[in-house]
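A short worksheet on the structure shown next.
A short reminder: the numbers here are calculations on the coordinates, not readings from a lab. Fair warning: this is a prediction, and the values are worked out from it, not measured in the lab. With ideal geometry, Cβ positions are generated from the backbone for all residues, glycine too; neighbour counts draw on all protein chains shown.
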Amino acid sequence: MILSLSLCVPGCTPRKCGRGVTDAVITREEAERIRRIAERGLSLGGSDGGASILDLHSGALSLGKHFVNLYRYFGDKIQDIFTEEDFALYRDVRQRIQQKIAQAFGINSASMYLTKPTFFSRINNTEAKTTHDEYWHPHVDKVTYGSFDYTSLLYLSDYTEDFGGGRFVFMDAGSNKTIEPRAGRVSFFTSGSENLHRVEKVHWGTRYAITISFTCNPDHGIGDPVLM
Ligand SMILES: *[C@@H]1O[C@H](CO)[C@@H](O)[C@H](O)[C@H]1NC(C)=O
Ligand SMILES: *[C@@H]1O[C@H](CO)[C@@H](O)[C@H](O)[C@H]1NC(C)=O
């Protein structure tokens, strides 16, 4: 379902800008399997503050006040943590989300490339220790991450069941529009200033999600993660 479409700001790659949300692309069961991958990976590290990330593409994992490279740090042990099936599910899920975005915006999915960062996030109410933990500031993805043309979020846990706060808010002139996370829900949007947004602070519990980002520029494309 497309919530709204508007004219893009000039220079923005997509011909039409907008946003959408759907519960029909990823099942709750698939989201729960993906969440278990995130839980396993993030259990190896974790930020001292309340917001941790795991990027299976680059290997970046929050640890204390910094990041380590999961693949370098854990080497062959990674094969005891993740399986081929995990990575196959991850690929399949991101392909279906890519196709959904292409269909919604009337573009060719083959002209979209996965870009970085694409990452799992785990957020709780522990106080921020570094700016990396400050996820709640309003921002435009294209400004924060130059390569993004389309941003998507797959939620892996449920607002009010698993955590409080942590809703996603589009900050529109005159009215804010809120998305309540739930396992399997996908929200997607063009990454420009038409979609200024923020995430409310998580008040209790743990919020899991994955940010999957796409670019139209093949030079900024990245591959799917592979088990080494
Ligand atoms: C919140 O997350 C941090 C790591 O980011 C962890 O040390 C802490 O135990 C977590 N707190 C709760 C209540 O789960
Ligand atoms: C939207 O939210 C921001 C901060 O979250 C707030 O300052 C602003 O007043 C809200 N706008 C409207 C129209 O409610």
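A few points about this structure:
- Residue satisfying condition, being more than 16 Å from ligand 2 (Cβ to nearest atom), charged (D, E, K, R) and closer than 22 Å to HIS197 by Cβ, within set LYS16, LYS65: LYS16
- Strands (runs of 3 or more DSSP E) lying entirely in the stretch 110-228 (those with 1 or more residues that are of a type in the set (Gly, Ala, Ser)): 113-123, 150-155, 163-165, 175-179, 186-190, 202-205, 207-215
- Scanning the stretch 113-145 for residues that are touching a residue at least 40 places away in the same chain (Cβ under 8 Å), away from ligand 1 (no atom under 13 Å from the Cβ) and not hydrophobic (A, V, I, L, M, F, W, C) yields TYR113, THR115, LYS116, PRO117, THR118, GLU134, HIS137, PRO138, HIS139, ASP141, LYS142, TYR145.
- Residue check: HIS203 meets all listed conditions (1) under 16 Å from the mean Cα position of the chain (by Cα); (2) within 16 Å of ligand 1 (Cβ to nearest atom) but one, namely (1).
- Only one of ASP224, ASP158 that is of a type in the set (Asp, Glu), within 30 Å of GLN79 (Cα to Cα) and touching a helix residue (DSSP H, G or I) at 6+ places or on another chain (Cβ under 6 Å): ASP224
- Selection status of LEU196, touching a strand residue (DSSP E or B) at 6+ places or on another chain (Cβ under 6 Å), within 16 Å of ligand 1 (Cβ to nearest atom) and not small (Gly, Ala, Ser): no
- Residue check, SER152 within 11 Å of ligand 1 (Cβ to nearest atom) and closer than 23 Å to GLY221 by Cα: no
- Matching residues, the stretch 52-82, being within 15 Å of VAL226 (Cα to Cα), assigned to a loop (DSSP other than H, G, I, E, B) and not small (Gly, Ala, Ser): ASP55, LEU56, HIS57, PHE82
- Filtering VAL202, VAL169 for residues that are of a type in the set (Val, Ile, Thr) and free of Cβ contacts under 8 Å to residues at least 60 places away in the same chain leaves a single hit, VAL169.
- Qualifying residue in the stretch 34-51 (condition: in a helix (DSSP H, G or I), within 16 Å of ligand 1 (Cβ to nearest atom), closer than 23 Å to HIS132 by Cα and in contact with a helix residue (DSSP H, G or I) (Cβ under 6 Å, 6 or more places away or on another chain)): yes
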